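One structure is given here, and the rest of the page talks about it.
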Amino acid sequence: MPDKRLGVGFIGSGFNARFHLQAFQAVRDADVRGVWSPTKQHAEETAALARHLDLGQTNAYRSIAEMVADPEIDALWLCGRNDARIENMEEITDAVVRGKGELKGIACEKPLARNLAEAQRVAELVTQAGIAHGYLENQAFTPAVTHGRAIIWSRGAALTGRPYLARAAEEHSGPHMPWFWQGQLQGGGVLNDMMCHSALVVRHLLTKPGAPLSTVRPVQVTGHIASLKWTRPEYAKRLQQQMGKEVDYATRPSEDFASVMIEFETDDGATVLGEATTSWSFVGAGLRLSAELLGPEYSMSWNTLDSPLKLFFSREVKGKAGEDLVEKQNAEIGLMPVVASEPAAYGYEAEDRHFARVFLGCEQPELTFDDGVEVVKLLMAAYMSAEQGKTLEFPPAGLEQFVPAVARGTWRP
């Protein structure tokens, strides 16, 4: 057991940060001590929520540097916007290098950055500051993936041979906030926003527990992107009405569907495949996460909407729209699945518990910024493949300078 509890500060106060706050209720070794947001009111509201959840005496800070300087803050959870990632990391690094404060660790949400050059800069900055780091990929920590992977490898793979095909998908009807829909701010569309989950999950499933991801190396990438729903005139108009005039899919669209096929080579000489799809054009009960792992004599499958809890409301139950049953909920009547504890089911509780213990010196990190850089490499290779319309050897030439056409505002579906 650690001698001291970890004091955690949050950079960012949006939807993702609030998911982490719910998850920290299940973390025994940490308190949430601070929140910084570029909008003071949002920081104060999120700090108030943390206090309401009994996560600690949580304060709103005027700047990141002020939070770093507070001896009550031991580690930061970086959950701000993608376009602010470098700026946020530079402020952290400057404060630490100049001796304004000390940190035991930084955990960064997915994706690590908008493109490979930015991702490498983020990794360079954390190394410069000499701070331990962790890459927050919640789906690798979901109980279903964790337990299914462990059993598959210890029983099926041990007796009949390694798995050879992994599939993963994340699908919903679209993001909550306007900046996600803007390629130049977010770094792309659904591929950059959500394929970071699925691409890592397939590699994770194909990797033997306890072995590094580098034992399953990407050698070819085939990517495809499309706009299936949100560039249709009626939906582009609706999207702009909901998100504001800066979100204009008639002139600056982002992809709302993406797929990638990754061919891997393993250390034992096998060729294995990862298939991943992501969508902002999925209309169902709500967010659907799924994964499969297949081998010579076995398989596993997981789908978050296959919930053991379901509710039915008739047409007479006329309530307001909400997300009390499942994230990205699309209906309030009919037969609907309920994900009873989303922070646990989606892996937030387990990953936050893990990285708190990493920064307290109790465990070795399962994922670091270096893994985040590798994910961005795959994402950029998938975009490059989609733009060129062909399979690419990995890593393709020019990846460090590459910025997707979606992020540049020049992509036309």
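The values are calculated or read from the model by the stated rules, or taken from the named source; none is laboratory data. All values derive from a computational prediction rather than experimental measurement. When we count neighbours, we look across all protein chains shown, and the Cβ atoms used for this are built from the backbone with ideal geometry, even at glycine. Surface accessibility is based on the protein's heavy atoms, side chains included, excluding ligands, DNA and RNA. Shrake-Rupley method; radii C 1.70, N 1.55, O 1.52, S 1.80 Å.
Please determine whether any residue of region 245-267 is among the small types (Gly, Ala, Ser) and more than 30 Å from Pro296 (Cα to Cα). Yes; the residues of region 245-267 include at least one that is among the small types (Gly, Ala, Ser) and more than 30 Å from Pro296 (Cα to Cα).
Could you please give the count of residues in region 351-366 that are more than 14 Å from the chain's Cα centre (by Cα) and assigned to a helix (DSSP H, G or I)?
Selection size over region 351-366: 7.
Determine, yes or no, whether Gly322 is free of Cβ contacts under 8 Å to residues at least 12 places away in the same chain and open to solvent by less than 40 Å² (accessible area, probe 1.4 Å). Judged against the criteria, Gly322 is a match.
Within the set Glu393, Glu400, the sole residue that is open to solvent by 40 Å² or more (accessible area, probe 1.4 Å), modelled with pLDDT of 95 or more and out of contact with any Leu (no Cβ under 6 Å at 6 or more places or on another chain) turns out to be Glu393. For Arg238, the conditions (1) in a loop (DSSP other than H, G, I, E, B); (2) open to solvent by 70 Å² or more (accessible area, probe 1.4 Å); (3) farther than 15 Å from Arg412 by Cα are fulfilled apart from (1). Of the listed requirements (1) open to solvent by 80 Å² or more (accessible area, probe 1.4 Å); (2) touching a residue at least 40 places away in the same chain (Cβ under 8 Å); (3) part of a helix (DSSP H, G or I); (4) of a type in the set (D, E, K, R), Asp83 misses just one: (1). Within region 111-133, identify whether any single residue is assigned to a strand (DSSP E or B) and under 29 Å from Gly183 (Cα atoms), and answer yes or no. Checked region 111-133: at least one residue is assigned to a strand (DSSP E or B) and under 29 Å from Gly183 (Cα atoms). Checking each residue in region 367-401 for being more than 22 Å from the chain's Cα centre (by Cα), among the aliphatic types (A, V, I, L, M) and under 13 Å from Pro218 (Cβ atoms) picks out only Leu392. Of all residues in region 358-388, those satisfying the criterion of being closer than 25 Å to Lys4 by Cα, touching a residue at least 60 places away in the same chain (Cβ under 8 Å) and open to solvent by 30 Å² or more (accessible area, probe 1.4 Å) are Leu360, Gly361, Cys362, Pro365, Glu366. Checking each residue in region 208-262 for being over 24 Å from the mean Cα position of the chain (by Cα) and at positive phi picks out only Gly244. Could you tell me whether region 291-304 includes any residue that is assigned to a loop (DSSP other than H, G, I, E, B), open to solvent by 20 Å² or more (accessible area, probe 1.4 Å), more than 24 Å from Ala23 (Cα to Cα) and touching an Asp or Glu at 6+ places or on another chain (Cβ under 6 Å)? Scanning region 291-304, I find no residue that is assigned to a loop (DSSP other than H, G, I, E, B), open to solvent by 20 Å² or more (accessible area, probe 1.4 Å), more than 24 Å from Ala23 (Cα to Cα) and touching an Asp or Glu at 6+ places or on another chain (Cβ under 6 Å), so the answer is no. Taking the criterion of being of a type outside the set (D, E, K, R) and either open to solvent by 60 Å² or more (accessible area, probe 1.4 Å) or assigned to a strand (DSSP E or B) (or both), the residues of region 270-279 that qualify are Thr271, Val272, Leu273, Gly274, Ala276, Thr277, Thr278, Ser279.
Filter region 335-346 for residues that are open to solvent by 20 Å² or more (accessible area, probe 1.4 Å), of a type outside the set (A, V, I, L, M) and under 18 Å from Ala321 (Cβ atoms) and give the result. Scanning region 335-346 gives a single hit, Glu342.
The number of residues in region 325-357 being free of Cβ contacts under 8 Å to residues at least 40 places away in the same chain and under 30 Å from His133 (Cα atoms) comes to 1. The one condition from (1) β-branched (Val, Ile, Thr); (2) closer than 30 Å to Val339 by Cβ; (3) surrounded by fewer than 17 Cβ atoms within 10 Å (Cβ to Cβ); (4) touching a strand residue (DSSP E or B) at 6+ places or on another chain (Cβ under 6 Å) that Val283 does not meet is (4).
Residue by residue, here is whether (1) closer than 18 Å to Tyr164 by Cα; (2) among the polar types (S, T, N, Q); (3) not in a strand (DSSP E or B) holds:
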{"site": "Leu191", "(1), (2), (3)": "no, no, yes"}
{"site": "Val201", "(1), (2), (3)": "yes, no, yes"}
{"site": "Pro218", "(1), (2), (3)": "yes, no, no"}
{"site": "Ile225", "(1), (2), (3)": "no, no, no"}
{"site": "Lys229", "(1), (2), (3)": "no, no, yes"}
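Return the residues of region 7-33 that are among the small types (Gly, Ala, Ser) and either in a helix (DSSP H, G or I) or open to solvent by less than 10 Å² (accessible area, probe 1.4 Å) (or both); say none if nothing qualifies.
Gly7, Gly9, Gly12, Ala17, Ala23, Ala26, Ala30
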